[in-house]
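The values are calculated or read from the model by the stated rules, or taken from the named source; none is laboratory data. Quick caveat, the model's predicted, so the values are computed rather than measured. Neighbour counts run over all protein chains shown; Cβ positions are idealised from the backbone, glycine included. Remember, those area values only see protein heavy atoms, side chains included, never the ligands or the DNA or RNA. Shrake-Rupley method; radii C 1.70, N 1.55, O 1.52, S 1.80 Å.
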Amino acid sequence: MARETCSNPKRIPDELLNCLSEASKVVVLTGAGVSAESGIPTFREAHTGLWARYDPMELASPEAFERDPSTVWAWYQWRRELIARTQPNPGHHALAELQHLVTELVTITQNVDGFHALAGSDDVLELHGNIHRNICSRTARQIEADWLERHDGHQPPPSPHHRQGLARPDVVWFGEALDAATIEKAFSAAESCDVVITAGTSGAVQPAASIPVAAVRAGAVMIDINPEPNELSRFARWHLAGPSATWLPALVEALDRRPA
Ligand code: OAD
């Protein structure tokens, strides 16, 4: 079916609202655009995106950490501080509300900021990890916060689990595999949902970008929320053109207003 572009959040098609309210399962895949309005830069946008300013292979790869652990640690500390100064925006809060308005909602995110859970979303699959946690660079075992506090002067702190290990953020770097159980749950949710919403993602990174495509191939309808259409949008039945912090609250409000 042809894609319909909607540009007025006050005029959401009835058919779209029907799909959401009749769905037995809704899956949402979010990307950096959902946190953009909290003040966290995205990755691929020209000029403002992190990867326009920094080389990911120098900052977000196991080789970079091996070569220069202090620089990589400092970059993640900078991002952690940036996230700590910001908070979830109306888009995150709307997704937390959406779970009370549809039968079942599974939120899958590529973001590592932890904002969906902070806003109150329950069932969140964090595909690329969580920047607030740390693991041992040799064993991948979790490192507790009190250990890190006690070794605060070190950049990065040593690992309690391995003599040559160092603390590193529990995020997926370029060249690393995603957690198998998390990715399996994500595809299984996608393949059994009726509606898939993509919000604030360029669809440029695999395997995340294949999740909504798998949903559509299994029969789901897709709603894409993004100011710009991209590779993923061609799978969408509706492209909601604009920021997610506007469209997600508008969807929730329109669903909430409907007679039961
Ligand atoms: P990208 O930076 O690739 O894409 C961000 C998307 O958000 C773009 O399509 C923008 O048009 C859109 N966007 C910008 N502002 C928006 C807003 N206010 N509302 C809605 N959309 C908006 O980010 P991701 O697709 O999340 O991986 O990138 C995926 C992965 O690439 C990241 O998780 C990260 C990165 O390398 C790892 O670090 C493993």
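Just a few scattered comments:
- Some residue of the stretch 109-119 being open to solvent by less than 60 Å² (accessible area, probe 1.4 Å), in a strand (DSSP E or B), outside the structural domain of Ala254 (by TED's automatic domain parsing) and modelled with pLDDT of 95 or more: no
- The one condition from (1) of a type in the set (A, V, I, L, M); (2) at pLDDT below 95; (3) away from the ligand (no atom under 13 Å from the Cβ) that Ala214 does not meet is (2).
- Residues in the stretch 205-234 that are farther than 15 Å from Lys25 by Cα, open to solvent by less than 10 Å² (accessible area, probe 1.4 Å) and part of a strand (DSSP E or B): Asp224, Ile225.
- Among (1) over 27 Å from Val252 (Cα atoms); (2) of a type in the set (Val, Ile, Thr); (3) not in a helix (DSSP H, G or I) - the single one Val106 does not satisfy: (1)
- Checking the stretch 46-69 against the condition returns a match, with at least one residue being more than 14 Å from the ligand (Cβ to nearest atom) and open to solvent by less than 40 Å² (accessible area, probe 1.4 Å).
- Residues that are away from the ligand (no atom under 12 Å from the Cβ), assigned to a loop (DSSP other than H, G, I, E, B) and touching a Gly at 6+ places or on another chain (Cβ under 7 Å) occur at least once in the stretch 79-97.
- Of the criteria (1) modelled with pLDDT under 95; (2) open to solvent by 10 Å² or more (accessible area, probe 1.4 Å), which one Lys185 fails: (1)
- Yes/no for Pro158 being touching a residue at least 24 places away in the same chain (Cβ under 8 Å) and either away from the ligand (no atom under 16 Å from the Cβ) or within 30 Å of Ser24 (Cα to Cα) (or both): no
- Matching residues, the stretch 48-76, being under 21 Å from the mean Cα position of the chain (by Cα) and without any contact (Cβ under 8 Å) to a residue 24 or more places away in the chain: Thr48, Gly49, Leu50, Trp51, Ala52, Arg53, Tyr54, Asp55, Leu59, Trp75
- Across the stretch 185-216, the qualifying residues are those that are touching a residue at least 24 places away in the same chain (Cβ under 8 Å) and more than 16 Å from the chain's Cα centre (by Cα), and the one among them that is nearest to Val252 (Cα to Cα) is Val195.
- Identity of the residue in the stretch 235-251, in a helix (DSSP H, G or I) and open to solvent by less than 10 Å² (accessible area, probe 1.4 Å), that ends up farthest from Leu101 (Cα to Cα): Ser244
- Count - residues of the stretch 160-170 that are open to solvent by 10 Å² or more (accessible area, probe 1.4 Å) and either under 17 Å from Ile131 (Cα atoms) or among the small types (Gly, Ala, Ser) (or both): 3
- In the set (1) within 17 Å of His132 (Cβ to Cβ); (2) not in a helix (DSSP H, G or I), Trp73 fails one condition alone, (2).
- Looking across the stretch 216-260, the residues that are of a type in the set (Gly, Ala, Ser) and closer than 11 Å to Thr198 by Cα come down to Ser233, Ala236, Ser244.
- For the stretch 132-147, a tally of residues being within 26 Å of the chain's Cα centre (by Cα) and either of a type in the set (A, V, I, L, M, F, W, C) or buried (at least 19 other Cβ atoms within 10 Å of the Cβ) (or both) returns 7.
- Residues of the stretch 168-185 satisfying the condition of being among the small types (Gly, Ala, Ser) and within 13 Å of the ligand (Cβ to nearest atom): Gly175, Ala177
- Residue in the stretch 217-235 that is modelled with the lowest pLDDT, counting only those that are within 13 Å of the ligand (Cβ to nearest atom) and out of contact with any helix residue (DSSP H, G or I) (no Cβ under 7 Å at 6 or more places or on another chain): Glu231
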